[in-house]
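The values are calculated or read from the model by the stated rules, or taken from the named source; none is laboratory data. Source: prediction; values computed, not measured. Cβ coordinates were reconstructed from backbone atoms using ideal geometry, including for glycine residues, and neighbour counts include every protein chain displayed.
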Amino acid sequence: MKISIFPNVKKMFIKYGLIPAILALLVSNVYAIRIKDIVDIKGVRHNQLLGYGLVVGLNGTGDGKKSYFTILSMTSMLEKMGVTFDPNKIKVKNVAAVMVTADLQPFAKAGGRIDALVSSIGDAKNLQGGTLLFTPLKAANGQVYAVAQGPVSTGGFAAGGKSGGGVQKNFPTVGRVVGGGLIEKEIPSNFAQSRKLSLALHSPDFTTASRVAAAINTALFDCYARTPDPGTIEVTVPQKYSGNIVKLVTLIEGLAVTPDTSAKVVINERTGTIVMGENVRISTIAVAHGNLSVQIKESADVSQPLPMSQGRTVVTPESVTVVKEEKSRLFLIKEGVNIGEVVRALNAIGVSPRDLISIFQAIRAAGALQATLEII
């Protein structure tokens, strides 16, 4: 009688979910980058909040008379508290009008705390030591999702005299209220009941999208992932993960793939920076590069008349132009099979990074650069 224990072992592994975990572990040891680091899950995003408020308690560094909206805002606030006065007769320097911004994290719950960024919109000189008053924070739909209040931390200072001199560190007109935003309303989400997951690649690519889908299908033992376009991977939620999407997302994020990138050379002419991708190749070419320098010297020749000659002093400008051309040999750059060989071949020319910019442009014009040349 023939006895085999492998079917039973396989059933046990599938039942307790051990095979996906083992596959994820083995794949992560072979590849370098997790799926978590190259994709975003559609629907899981931050939401920006915005509000208008007042910072009080400043040491004479608040808004002046030119910021009339600050006075009107303070008048409106005090009227709600039962204090009525003529805004034309008020003069305070301890109040500043500010815009308050914050990011509401996905799945944030009511009662949670977030940081708020405070930025002056008037002519205030410094928000140091101020306190942000109760400020509602609204989302793009106009609804209030949080309120902010608390002391403002600028992380800098400004000090000066009446003569105009002074010392400033960082930007004292911008500050942060750490933990000063209180979440009042949650953003509705039916993520747990989703039947599909959409993964968006940070850098859309056909090959990368196919590799991500293949890795997910391998881990789930079926064709649950497909790629409708090079920037999206759609995953159908398996039955055993219904109602437990978090476990499925954890499994997918732990998988690792090797993203594919196109050959590209990025050049920043302002800073002389050159960045090359690992897939950049150069065909066999000969390169000679010499620097041409033109130097112009200006001088003045003064001609003095003889004594008692009734002449005038004449100044004659003179210009001397010197042109120097550096002699350079012709270098043969052989075709490289990897980025290291390309770098060694270019270093053999012995030119500066700014000279390499011109060389790359000439190589591309010759059709020998097997990559995209991008100038920023």
- Consider Gly231 against the criteria (1) closer than 13 Å to Phe360 by Cβ; (2) at pLDDT 80 or above: it satisfies all of them except one. Which criterion is unmet? (1)
- Item | Count - residues of the range 215-263 that are over 21 Å from Gln193 (Cβ atoms), out of contact with any helix residue (DSSP H, G or I) (no Cβ under 9 Å at 6 or more places or on another chain) and in contact (Cβ under 8 Å) with a residue 12 or more places away in the chain | 3
- Just to be sure, is Lys185 in contact with a Ser or Thr (Cβ under 9 Å, 6 or more places away or on another chain) and more than 20 Å from Arg34 (Cα to Cα)? no
- What do you reckon, is Gly155 in contact (Cβ under 8 Å) with a residue 40 or more places away in the chain, part of a loop (DSSP other than H, G, I, E, B), farther than 27 Å from Pro188 by Cβ and out of contact with any strand residue (DSSP E or B) (no Cβ under 6 Å at 6 or more places or on another chain)? no
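Which members of the range 49-94 meet the condition of being charged (D, E, K, R) and farther than 30 Å from Glu186 by Cα? Give the derivation first.
First, pick out the residues of the range 49-94 that are charged (D, E, K, R): 63, 65-66, 79-80, 86, 89, 91, 93.
Once the filter is applied, which keeps residues that are charged (D, E, K, R) and farther than 30 Å from Glu186 by Cα, the range 49-94 yields Asp63, Lys65, Lys66, Glu79, Asp86, Lys89, Lys91, Lys93.
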- Item | Where Val39 falls short, out of the listed (1) surrounded by 15 or more Cβ atoms within 10 Å (Cβ to Cβ); (2) among the aliphatic types (A, V, I, L, M); (3) not assigned by TED's automatic domain parsing to the domain that holds His202 | (3)
- Residues of the range 202-227 being over 11 Å from Asp260 (Cβ atoms) and of a type in the set (A, V, I, L, M, F, W, C), in sequence order, are Ala213, Ala214, Ala215, Ile216, Ala219, Leu220, Phe221, Cys223, Ala225
- Task: Assess whether Ser189 counts as being at pLDDT below 90 and in contact with a helix residue (DSSP H, G or I) (Cβ under 9 Å, 6 or more places away or on another chain).
- Result: no
- Task: Sort through Gly111, Gly129, Gly122 and tell me the only one that's loosely packed, with under 14 Cβ neighbours inside 10 Å and either out of contact with any Pro (no Cβ under 6 Å at 6 or more places or on another chain) or at pLDDT 85 or above (or both).
- Result: Gly111
- Message: All but one of (1) modelled with pLDDT under 90; (2) crowded, with 16+ Cβ neighbours inside 10 Å hold for Ala148; state the number of the condition that does not hold.
- Response: (1)
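Quick check on my filter: what residues within the range 187-218 are hydrophobic (A, V, I, L, M, F, W, C) and under 14 Å from Val237 (Cβ atoms)? Step through it out loud before you land on a result.
The initial filter retains those residues of the range 187-218 that are hydrophobic (A, V, I, L, M, F, W, C), namely 187, 191-192, 197, 199-201, 206, 209, 212-216.
Those that are hydrophobic (A, V, I, L, M, F, W, C) and under 14 Å from Val237 (Cβ atoms): Phe191, Ala192, Leu197, Leu199, Ile216.
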- Mind counting the residues in the range 239-257 that are within 19 Å of Ile35 (Cα to Cα) and either of a type in the set (Asp, Glu) or loosely packed, with under 14 Cβ neighbours inside 10 Å (or both)? 4
